[in-house]
1. From (1) surrounded by fewer than 21 Cβ atoms within 10 Å (Cβ to Cβ); (2) more than 16 Å from ligand 2 (Cβ to nearest atom); (3) within 22 Å of MET93 (Cβ to Cβ), pick out the condition that doesn't hold for ARG209.
2. Regarding the range 4-17, can at least one residue be identified that is within 13 Å of ligand 2 (Cβ to nearest atom), surrounded by 12 or more Cβ atoms within 10 Å (Cβ to Cβ) and assigned by TED's automatic domain parsing to the domain that holds LEU116?
3. Just checking, does the range 176-193 include any residue being more than 16 Å from ligand 2 (Cβ to nearest atom), within 15 Å of the chain's Cα centre (by Cα) and hydrophobic (A, V, I, L, M, F, W, C)?
4. Does the range 73-89 hold any residues that are surrounded by fewer than 24 Cβ atoms within 10 Å (Cβ to Cβ) and either within 11 Å of the chain's Cα centre (by Cα) or in a loop (DSSP other than H, G, I, E, B) (or both), and which are they?
5. Does VAL123 meet the test of being within 23 Å of HIS253 (Cβ to Cβ) and either in contact with a Lys or Arg (Cβ under 8 Å, 6 or more places away or on another chain) or among the acidic types (Asp, Glu) (or both)?
6. Which fully enclosed strands (runs of 3 or more DSSP E) of the range 161-239 have 2 or more residues being at pLDDT 95 or above and either in contact with a helix residue (DSSP H, G or I) (Cβ under 7 Å, 6 or more places away or on another chain) or assigned by TED's automatic domain parsing to the domain that holds ASP40 (or both)?
7. Considering the range 152-168 alone, what residues qualify as being surrounded by 19 or more Cβ atoms within 10 Å (Cβ to Cβ) and either of a type in the set (D, E, K, R) or farther than 25 Å from PHE95 by Cα (or both)?
Amino acid sequence: MTNWKELDQNARDWIMEAGKKIRDSFQDELNIKTKSNRNDLVTNMDEATERYFIEKIRSTYKDHHIMGEEGFGDELSELSGVTWIIDPIDGTMNFVHQQRNFAISIGVYDGKQGVLGYIYDVVHDELYHAEKGRGAYMNDQKLPVLNEVAVEDSVIALNAQWMTTNKRIDPEVLAPLVQKVRGTRSYGSAAIEMAYIASGRLDAYISMRLAPWDFAAGKILIEEVGGVVTDLEGNELNPLNKSSLFVGKPGLHGKILNNYLKN
Ligand code: 2AM
Ligand code: CA
């Protein structure tokens, strides 16, 4: 039997410690490499942070599974038992260029069910966490359940690249939505964007391609405050697969999905 209370405390301790290491690293020179393309960055701190979590988890929980962005975890073809889904630094481009607007993101799943979610905005020292069925919190303050909002009063997050010619969506699709809403924002970290949905700072967020470690924690947070988490077609996400992502306040999610995204 998993002791979830103890696991929650360990996860928080490790996240705070990892955050401190990342803040301390700002004084050191970064080693930056590229992955799949010139804009896909990874640093020594992404790798060191993932290794730090894996070492802690492996020495404490011998039978847990780990899925990590930098590939030091397990190769998983199914979710069974307890699985930690880890993005050591979500928003690496921001980490490199701005030293802000990035987060540690960790979702802990029991089988296919998300149980604990953590998003730590390292620079603002904001820890968002949620436990399935027990609500979502920001620095231990309970986040209120989300209210409905009209499309024309909403602030939505999306990256401008989805409004230019790209492989994943016809840029014409999003234009009417962008014209209708009150404003658009782009923070460049899916985890932070999802934490901002959970805390009501944003009303909806659209991304065309995210990986499980980008949304594993945010999904739990948003659902705990009554938000809706799907892919761009309105289907449930599979925490093992890359997919598009559309999250939003209750009511607003359905209105945008039916009136703007479905054609
Ligand atoms: P990362 O910084 O951990 O790589 C940027 O718009 C957001 O999308 C970040 O959360 C970034 O995560 C993620 N992202 C960027 N490129 C991606 C890709 N090719 N696949 C999945 N997620 C990606
Ligand atoms: Ca990352």
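The values are calculated or read from the model by the stated rules, or taken from the named source; none is laboratory data. If you're wondering where the values come from, they're calculated on a predicted model, not measured in any experiment. No Cβ is skipped: glycine too gets one built from the backbone with ideal geometry, and neighbour counts run over all protein chains shown.
1. Exception for ARG209: condition (2).
2. no
3. No - not one qualifying residue is present in the range 176-193.
4. Within the range 73-89, GLY73, ASP74, GLU75, LEU76, SER77, GLU78, LEU79, SER80, GLY81 qualify.
5. No, not satisfied.
6. It comes to 204-210, 228-230.
7. Of everything in the range 152-168, just one residue is surrounded by 19 or more Cβ atoms within 10 Å (Cβ to Cβ) and either of a type in the set (D, E, K, R) or farther than 25 Å from PHE95 by Cα (or both), namely SER154.
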